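Below you will find the structure I want to go over with you.
Laboratory data are not the source of any read-out in this text; all were calculated from the coordinates shown. Here the structure is a predicted model, which is why all the values come from computation and not from measurement. Counting neighbours? That spans all protein chains shown, and the Cβs are built from the backbone with ideal geometry, glycine included.
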Amino acid sequence: MSLLPIIDSSPEPAGPQTTIGPTRGTYAFVSLGCPKNLVDSEKMLGQLALDGYQLIPEADGADFVVVNTCGFIESSRDESRSVIREMLDLKASGRTGGVIVAGCLPQRLEDDGGLLNEMPDIDHVVGVFGRDEIVKAADKLVGGITEQRELFRPAPMKALDDRARLRITPSHYAYLKISEGCDRTCTFCSIPKMRGKHVTKPIEMVMDEAHELAADGVRELNIVAQDTTYYGLDYYGEVRLAELLRQLETIEQIDWIRLMYLYPVHFNDDLIQTIAESSKILPYLDMPLQHISSPVLKRMQRRVDGAQTRELVSKLRATIPNLVLRTTFITGFPGETDKHFSELCDFVTETRFERMGVFTYSKEPGTPAIRLDGHLPDDVKVERQDELMTLQQSIAFDHAESLIGYELDVLIDEKVEENVWVGRSFADAPEIDACTYVSAENLDPGSLIPVEILRRDEYDLIGVAVDDDTAEL
């Protein structure tokens, strides 16, 4: 857990200054969870900045602290509670004036007595759909109004506006959230309970935000949603992701468009061809599959079976040149037999995903999977997770080895030491994938340069800039 630093940004809407006008008070901010939650954090930061609040790097001494929580699985809820308690301890010792808790955890607990019942020293609670109330909560806290309030709003019928964010990612990349919520009924997942039904952000609103981000220096757009391939179905009556991507390609300043959280349904030919023929949409697809055994997928209520999954993966590999696939799987789902797990291992071995994560099944309150029979012991879940990740490690190392001697474009993220920089190739999403370390002079974060790959270090690549004259933009 780390607090957000003071950010030097342009006064453009995509990156408002840390304060606008006289300072009304100081605050620290902790953002937990996924990139979709991070977008919500950036929106709240932007609102607080526009209202005159000053972001500082430490909660100790701040007028208040905001914790934007994750409530997805038990481990993330535990982390959120731990951070909240740490901030409440600061408050109890007089070292911060108050604590505001926002995001998924209070939203999830709203029907179970609420977070204020569990932690009554919290000053205000702001739910996922009440994020626009963050300034109201701050004003009451700084103004000395001590009445606790839970500021929830119903799930929106239209998409939330994510413009005028104070971004906390490096200036050259950003997350672009194109929808909210999810209409899937996966039996293990609590996201619909927290985030509501799928609500598409209209193409015009997405484009306005993308132009705003590009004007603020963004070169890489990471497209996120709860269910990216569903985009448009609720709003337009048909999926429109391909059309949105074609419009995003027209933004001159954007070099990379990366697709994340793609559900394996609604992957039509138009979308596949759009990705395959694009010079800006990266041949990198983050598509959580969860399993390959049809009986397990049926129990998960994924609405796709093993044969359809194999057919889609094969089609993507055959159509999109140099495709890198990232996926995630769940081990130990109720009813998963040794045969089902063996089938999953065979699938991973055959398909050779370049990037992969594995989670053990966890019992999530309020989800249908809790009522299924065949729950497995924790040690079996973990043993299967370890076995699958051991398989994947060998595959990932082989993939890294195959890139030695090749030249890759690398987007530089930061300097790590004199003449050594760290960045990412098209095959690596921020924060979750491997890195490329580059030997070069006179680079800047946000430079996109050709790099010759010399060797690997575990999952990471090591290379040298091909021509330093190309390093400066």
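In the chain, which cysteines lack any other cysteine Cβ under 4.7 Å from their own?
Unpaired cysteines in the chain: 34, 70, 104, 182, 345, 435.
Moving on. What distance in nm separates the simple spin-label points at residue 398 and residue 118, each placed 7 Å from Cα in the Cβ direction?
About 4.3 nm, to one decimal.
Next question, about the same structure. From the convex hull of the Cα coordinates of region 37-96, what is the mean projected area in square nanometres? Before the final figure, lay out each step's value.
Details: hull surface 17.5 nm².
Result: 4.4 nm².
Kindly state, as a whole number, the per residue volume in cubic angstrom of the convex hull around the alpha carbon atoms of region 25-151.
Numbers: hull volume 11.6 nm³, N = 127.
Residue-normalised Cα hull volume stands at 91 Å³.
For a footprinting-style exposure proxy, rank 235, 284 by other Cβ within 10 Å, fewest first. If you can, show how the numbers build up before the last one.
Values: 235 17, 284 25.
Taking fewest neighbouring Cβ atoms as first place, the list is 235, 284.
Here is a follow-up. For region 163-231, taking Cα atoms only, what is the radius of gyration to one decimal and the Dmax to the nearest whole Å?
My reading of the Cα-based Rg and Dmax gives 13.6, 41 Å.
Where both residues lie in region 173-402, what percent of DSSP beta bridges are antiparallel, nearest 5?
Numbers: 2 of 23 bridges.
So the antiparallel bridges in region 173-402 amount to around 10 percent.
Follow-up. State, as an integer percentage, the relative contact order of the chain based on alpha-carbon contacts under 8 Å between residues 6 or more apart.
Details: 988 pairs, mean separation 44.8, N = 473.
Reported relative contact order: 9 percent.
Add -39500 (n - 2.57) for each DSSP H run of 4 or more in the chain, then divide by its residues: what number comes out at 222 nm, to the nearest 500 deg cm²/dmol?
Result for the chain, helices only: -10000 deg cm²/dmol.
While we're here: When Lys and Arg each count +1 and Asp and Glu each count -1, what net charge do the other residues less than 14 Å away from residue 401, Cβ to Cβ, add up to? All intermediate terms of the calculation are to be shown ahead of the outcome.
Numbers: positive: 352, 455, 456; negative: 354, 398, 457, 458, 460.
So the surrounding residues net to -2.
Moving on to the next point. What list of ³J(HN,Hα) values in whole Hz, one per residue of region 57-64 in order, does the Karplus curve 6.51 cos²θ - 1.76 cosθ + 1.60 (θ = phi - 60°) give from phi, with Gly and Pro shown as x?
x, 10, 5, 5, x, 7, 5, 6
Report the convex hull volume per residue for region 173-402, counting only C-alpha atoms, in Å³.
On the way: hull volume 29.3 nm³, N = 230.
Considering the Cα atoms of region 173-402, their hull volume per residue is 127 Å³.
For 96, 23, 328, what ranking results if the residue with the fewest other Cβ atoms within 10 Å of its Cβ goes first?
Details: 96 23, 23 12, 328 15.
Ranking 96, 23, 328 by Cβ neighbours within 10 Å, fewest first, gives 23, 328, 96.
Antiparallel versus total DSSP beta bridges in the chain: what percent is that, nearest 5? Numbers along the way, then the final one.
On the way: 22 of 67 bridges.
Among the beta bridges of the chain, antiparallel pairing accounts for roughly 35 percent.
Rounding to the nearest 20 debye, state how big the charge dipole of the chain is about its Cα centre with +1 on each Lys and Arg Cβ and -1 on each Asp and Glu Cβ. Intermediate values should be presented prior to the final figure.
Values: 48 positive and 81 negative charges, 385 e Å.
The dipole of the chain has a size of about 1860 debye.
Oh, and also: What does the charge dipole of region 173-402 about its Cα centre add up to, to the nearest 20 debye, if the Cβ of each Lys and Arg holds +1 and the Cβ of each Asp and Glu holds -1?
Roughly 600 debye for region 173-402.
Give the Rg (one decimal place) followed by the Dmax (whole number) of region 332-473, computed from C-alpha coordinates and expressed in Å.
Gyration radius and largest Cα-Cα distance of region 332-473: 20.1, 63 Å.
Going through the cross-link list 339/363; 43/197; 36/193; 201/363, which pairs have a Cα-Cα distance over 27 Å in this structure? Mind dumping the intermediate values first?
Numbers: 339/363 22 Å; 43/197 21 Å; 36/193 16 Å; 201/363 32 Å.
Among 339/363; 43/197; 36/193; 201/363, the Cα-Cα distance tops 27 Å for 201/363.
For region 173-402, what relative contact order do you get, as a whole percent, if you take Cα pairs closer than 8 Å and at least 6 residues apart? Mind dumping the intermediate values first?
Working: 396 pairs, mean separation 39.7, N = 230.
Across region 173-402, relative contact order equals 17 percent.
For region 314-473, give the magnitude of the charge dipole about the Cα centre (Cβ charges: +1 Lys/Arg, -1 Asp/Glu; no others), in debye to the nearest 20.
For region 314-473, the charge dipole is close to 980 debye.
Can you tell me the relative contact order of region 25-151? Whole percent, Cα pairs under 8 Å, sequence separation 6 or more.
Numbers: 218 pairs, mean separation 30.9, N = 127.
It comes to 24 percent, rounded to a whole number.
Something else now. Exposure proxy check: 277, 180, 204 ranked by fewest other beta carbons within 10 Å?
On the way: 277 12, 180 25, 204 9.
By the 10 Å Cβ count, ascending, the order reads 204, 277, 180.
Sticking with this one: Taking the convex hull of the alpha carbon atoms in the chain, what volume per residue do you get, in Å³?
On the way: hull volume 70.1 nm³, N = 473.
Here the figure is 148 Å³ per residue.
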